[in-house]
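Visitor: Got a structure for you, questions after.
The values are calculated or read from the model by the stated rules, or taken from the named source; none is laboratory data. Predicted model, so just to flag it, every value in this text is computed and none were measured. With ideal geometry, Cβ positions are generated from the backbone for all residues, glycine too; neighbour counts draw on all protein chains shown.
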Amino acid sequence: MSQKDNQIKWTLITGACGGLGSAFTKSVLNEGSNVVITGTNAEKTQKFVDSLKKEYQNLQILSFIMDLSDEKSIVALIDYIKTNNINIDKLINNAGLIVEGGFLELSEEKLLNAIRINCLGTVALTRKVLDNFDVREILTVSSLGGFYPMPYMSIYASTKSLLEKLMVALRQELKPRGVKVSVVCPGGIPTTPAMKDAIASQGFGGRITAKSPEFIANYALKKLKKNKAVIIPGFANRFVRFISRFVSEKTLAKSVGKMWGKANKKRKIK
């Protein structure tokens, strides 16, 4: 690529083919940034790229198939970006793995893989991006559930809690470099049929805390520009978070456990 191309803004988005990842990708393209997107399914990723190229003909859209649980795959992604003479200006850590169900009901491999992807992979990629590029903004997707002990989603919530705490700390370390670091903590996102079913199973509470991927992406990017540390899309979610500060973790775990236990029974999840 030419020197001129190298001066254009580039955003790296992981897990870009899913509902929220797709929304982030389109929002960033609408801002005028070129993108490097990652996915795990080659066919699905290529179809997404082809559709984007038809809509955003004046921007460059590159893709890379990456397994966030595999460090060699992450290294290969960084090499690919460098080979194309690209500087990553913005990193959006969107890729993640949702694991729900009782701790003893899930296989050990599923539990550990969630940690590999949500924690180890995200940490490794963030470090490598900071080491190799002059990144100016980092946005990481956590979850509203990351603020709470969540029976029947204990591993998922715990991995998201790590990301939230990590990014809030990292923004302080990166202040001298002028890097904006934000973490977005959404509630339910009605993307797949399974997610819509999960939200519906929670009744009124699930409905009022759910937001569309487009709303979340646009809201998060707007707040990132303002360098807000923790971004919680939706008034209901911010209210829930505010009230929960006055409740003990033991009580929260009991309350959340009852709610998710009932919801999982409706969906026949152990």
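Visitor: Quick one: which residue in 137, 164, 173 is of a type in the set (Asp, Glu) and in contact with a Cys (Cβ under 8 Å, 6 or more places away or on another chain)?
Guide: 164
Visitor: Among the candidates 135, 99, 123, single out the residue that is in contact with a Leu (Cβ under 8 Å, 6 or more places away or on another chain), modelled with pLDDT under 95 and either surrounded by 15 or more Cβ atoms within 10 Å (Cβ to Cβ) or assigned to a helix (DSSP H, G or I) (or both).
Guide: Unique residue meeting the criteria: 99.
Visitor: From the list 82, 128, 90, 110, exactly one residue is crowded, with 21+ Cβ neighbours inside 10 Å and charged (D, E, K, R). Which is it? Break it down stepwise before answering.
Guide: Values: 82 fails: crowded, with 21+ Cβ neighbours inside 10 Å; 128 fails: crowded, with 21+ Cβ neighbours inside 10 Å; 110 fails: crowded, with 21+ Cβ neighbours inside 10 Å.
That would be 90, the only listed residue that is crowded, with 21+ Cβ neighbours inside 10 Å and charged (D, E, K, R).
Visitor: May I ask you to list the residues in the stretch 19-29 that are buried (at least 20 other Cβ atoms within 10 Å of the Cβ) and small (Gly, Ala, Ser)?
Guide: Selection gives 21, 22, 23, 27.
Visitor: Return yes when residue 187 is in contact (Cβ under 8 Å) with a residue 24 or more places away in the chain, among the small types (Gly, Ala, Ser) and not in a helix (DSSP H, G or I) and no when it is not.
Guide: It is true that residue 187 is in contact (Cβ under 8 Å) with a residue 24 or more places away in the chain, among the small types (Gly, Ala, Ser) and not in a helix (DSSP H, G or I).
Visitor: Could I ask something else about it? Of the residues 212, 182, which single one is more than 26 Å from residue 104 (Cβ to Cβ), among the small types (Gly, Ala, Ser) and modelled with pLDDT of 95 or more? It would help to see each step written out before you state the result.
Guide: Details: 212 fails: modelled with pLDDT of 95 or more.
Just a single option satisfies the conditions, and that option is 182.
Visitor: What is the residue count in the stretch 142-180 for residues that are in contact with a Leu (Cβ under 6 Å, 6 or more places away or on another chain) and in a helix (DSSP H, G or I)?
Guide: Number satisfying all stated conditions: 1.
Visitor: Output the qualifying pairs, or none if there are none: Cβ atoms under 8 angstrom, residues six or more apart or on different chains, first residue in the stretch 162-176 and more than 11 Å from residue 123 (Cα to Cα) and free of Cβ contacts under 8 Å to residues at least 60 places away in the same chain, second residue of a type outside the set (S, T, N, Q) and in a helix (DSSP H, G or I).
Guide: 174/130
Visitor: Another question about this same structure. Of all the residues that make up the stretch 130-165, how many are within 14 Å of the chain's Cα centre (by Cα) and farther than 26 Å from residue 33 by Cα?
Guide: Going residue by residue through the stretch 130-165, those that are within 14 Å of the chain's Cα centre (by Cα) are 138-146, 156-157, 159-164.
Retained after the next criterion (residues that are farther than 26 Å from residue 33 by Cα): 144-146, 156-157, 159-162.
Final tally of qualifying residues: 9.
Visitor: Is there any pair linking a residue in the stretch 24-36 that is over 13 Å from residue 219 (Cα atoms) to one that is among the hydroxyl-bearing types (Ser, Thr, Tyr) and in a strand (DSSP E or B), with Cβ under 8 Å and at least six apart or on different chains, and which?
Guide: Here the result reads 33/11; 34/11; 35/11; 36/11; 36/63, each pair linking the stretch 24-36 to a residue that is among the hydroxyl-bearing types (Ser, Thr, Tyr) and in a strand (DSSP E or B).
Visitor: Since residue 32 meets every condition but one in (1) surrounded by fewer than 17 Cβ atoms within 10 Å (Cβ to Cβ); (2) more than 22 Å from the chain's Cα centre (by Cα), which condition does it not meet?
Guide: Unmet for residue 32, out of (1) surrounded by fewer than 17 Cβ atoms within 10 Å (Cβ to Cβ); (2) more than 22 Å from the chain's Cα centre (by Cα): (2).
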